[in-house]
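The values are calculated or read from the model by the stated rules, or taken from the named source; none is laboratory data. The model shown is predicted, which means the values in this text are computed figures rather than measured ones. Here Cβ is always computed from backbone atoms with ideal geometry, including for glycine, and neighbour counts include all displayed protein chains. Please note that ligands, DNA and RNA were not included when accessible areas were found on the heavy atoms of the full protein model with its side chains. Shrake-Rupley method; radii C 1.70, N 1.55, O 1.52, S 1.80 Å.
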Amino acid sequence: MMFLNYPNNPTAAHAEWRTFLEAVSFCRKYNILLAHDAAYDLVTFGKYRAPSALQVPGAKENVVELGSLSKSFNMTGWRIGYVVGNKEVIHALATLKGNIDTCQFMPIQKAAAKALTSDLTAVEKNNSVYEQRIEKLYLALTELGFHTEKPKGTLYLWVGVPKGESSLSFANRLLEEAGIIVTPGTAFGDNGEGFIRISLSVHAERLDEVIRRLKALNKRR
Ligand SMILES: *Cc1c(COP(=O)(O)O)cnc(C)c1O
């Protein structure tokens, strides 16, 4: 199985349709199942629309895509998502799930169905809030000399740590000296070394305080 996740947590990277075209063809050639975790497919900014792996012609032969309502519909903790794509894989998953747990509480299923068939204006409203937060923090971080790219989707900024720091040492310093909690990149695997992930789940005024503290920390260095 090949597992992809775009827009990506933790790196906030996005993919274009071509990436899926290549991945689907590659997987088809080597008889690999492609599972695409599309948890952030609706959490996108500006003109960018996250493509689905299932847009590739014939993708249902070897692709499943998994969605979650946790982020796009603020249903985090309600534990509901879905899988679409290859029939046999979905059937196998249903058999497995049916034997290891029970179905989700019916009102949550109904709320999810309502959300997924809605006109998505609520999602757009959420996205514009996230976009404003990202814009604010991105500008401040860039001014302070941090290396980061402005994401086209997700709730995260993936930020390079200053020279001479490791992911963990910098995350610890932010916590101990500035009271800011971030996730060290290495929490997601060795390849996350050199980065921290900032989650934008707090409101704009709180981010102003984060920026104030980062500036103070920068002066002390
Ligand atoms: C949040 C998230 C999910 C969805 O998790 P739930 O269990 O539905 O809350 C899936 N994949 C990634 C990468 C996520 O960040």
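Could you check, for segment 4-24, whether at least one of its residues is modelled with pLDDT of 95 or more, of a type outside the set (S, T, Y), over 23 Å from E149 (Cβ atoms) and open to solvent by 60 Å² or more (accessible area, probe 1.4 Å)?
No.
Residues in segment 169-181: is at least one surrounded by 13 or more Cβ atoms within 10 Å (Cβ to Cβ) and within 23 Å of N5 (Cα to Cα)?
No, that holds for no residue.
Consider segment 109-121. How many of its residues are open to solvent by less than 70 Å² (accessible area, probe 1.4 Å) and without any contact (Cβ under 8 Å) to a residue 24 or more places away in the chain?
Summing the residues that are open to solvent by less than 70 Å² (accessible area, probe 1.4 Å) and without any contact (Cβ under 8 Å) to a residue 24 or more places away in the chain in segment 109-121 gives 2.
Taking segment 137-151 only, how many residues are in a helix (DSSP H, G or I), open to solvent by 20 Å² or more (accessible area, probe 1.4 Å) and over 16 Å from A12 (Cα atoms)?
Matching residues across segment 137-151 total 3.
Just the residues that are in contact with a Cys (Cβ under 9 Å, 6 or more places away or on another chain) and among the aliphatic types (A, V, I, L, M), please, taken from segment 51-81.
V63
Take the residues in segment 74-84 that are touching a residue at least 24 places away in the same chain (Cβ under 8 Å) and in a loop (DSSP other than H, G, I, E, B), then tell me which one is most open to solvent (accessible area, probe 1.4 Å).
By that ranking, first place goes to R79.
Would you pick out the residues in segment 189-209 that are under 14 Å from L157 (Cα atoms) and part of a helix (DSSP H, G or I)?
If the condition is that a residue be under 14 Å from L157 (Cα atoms) and part of a helix (DSSP H, G or I), then G192, L207 are the ones that fit.
Working only within segment 43-68, note down all residues that are among the charged types (D, E, K, R) and within 16 Å of the chain's Cα centre (by Cα).
R49, E65
What number of residues in segment 14-38 are within 16 Å of the ligand (Cβ to nearest atom) and in contact (Cβ under 8 Å) with a residue 40 or more places away in the chain?
Qualifying residue count, segment 14-38: 1.
Return the pairs, sorted by first residue and then second, in which the second residue is β-branched (V, I, T) and surrounded by 13 or more Cβ atoms within 10 Å (Cβ to Cβ), the first residue lies in segment 158-184 and is in contact (Cβ under 8 Å) with a residue 40 or more places away in the chain, the beta carbons are less than 7 Å apart, and the residues are 6+ apart or on different chains.
Sorted first by the residue in segment 158-184, then by its partner, the pairs are W158/T11; W158/T148; L174/I180; L174/V182; T183/I196.
How about segment 123-134: which of its residues are farther than 14 Å from S70 by Cα and open to solvent by less than 80 Å² (accessible area, probe 1.4 Å)?
Answer for segment 123-134, where residues must be farther than 14 Å from S70 by Cα and open to solvent by less than 80 Å² (accessible area, probe 1.4 Å): S128, V129, Y130, E131, R133, I134.
When you check F188 against the structure, is it away from the ligand (no atom under 16 Å from the Cβ) and either open to solvent by 40 Å² or more (accessible area, probe 1.4 Å) or of a type outside the set (G, A, S) (or both), yes or no?
Against the criterion (away from the ligand (no atom under 16 Å from the Cβ) and either open to solvent by 40 Å² or more (accessible area, probe 1.4 Å) or of a type outside the set (G, A, S) (or both)), F188 does not qualify.
Please work out which residue is nearest to A115 (Cα to Cα), limiting yourself to segment 39-73 and to residues that are within 11 Å of the ligand (Cβ to nearest atom) and surrounded by fewer than 19 Cβ atoms within 10 Å (Cβ to Cβ).
If we take residues in segment 39-73 being within 11 Å of the ligand (Cβ to nearest atom) and surrounded by fewer than 19 Cβ atoms within 10 Å (Cβ to Cβ), then S70 is nearest to A115 (Cα to Cα).
Which residues, taken from segment 85-108, are in contact with a helix residue (DSSP H, G or I) (Cβ under 9 Å, 6 or more places away or on another chain), open to solvent by 60 Å² or more (accessible area, probe 1.4 Å) and either within 16 Å of the ligand (Cβ to nearest atom) or not in a helix (DSSP H, G or I) (or both)?
C103
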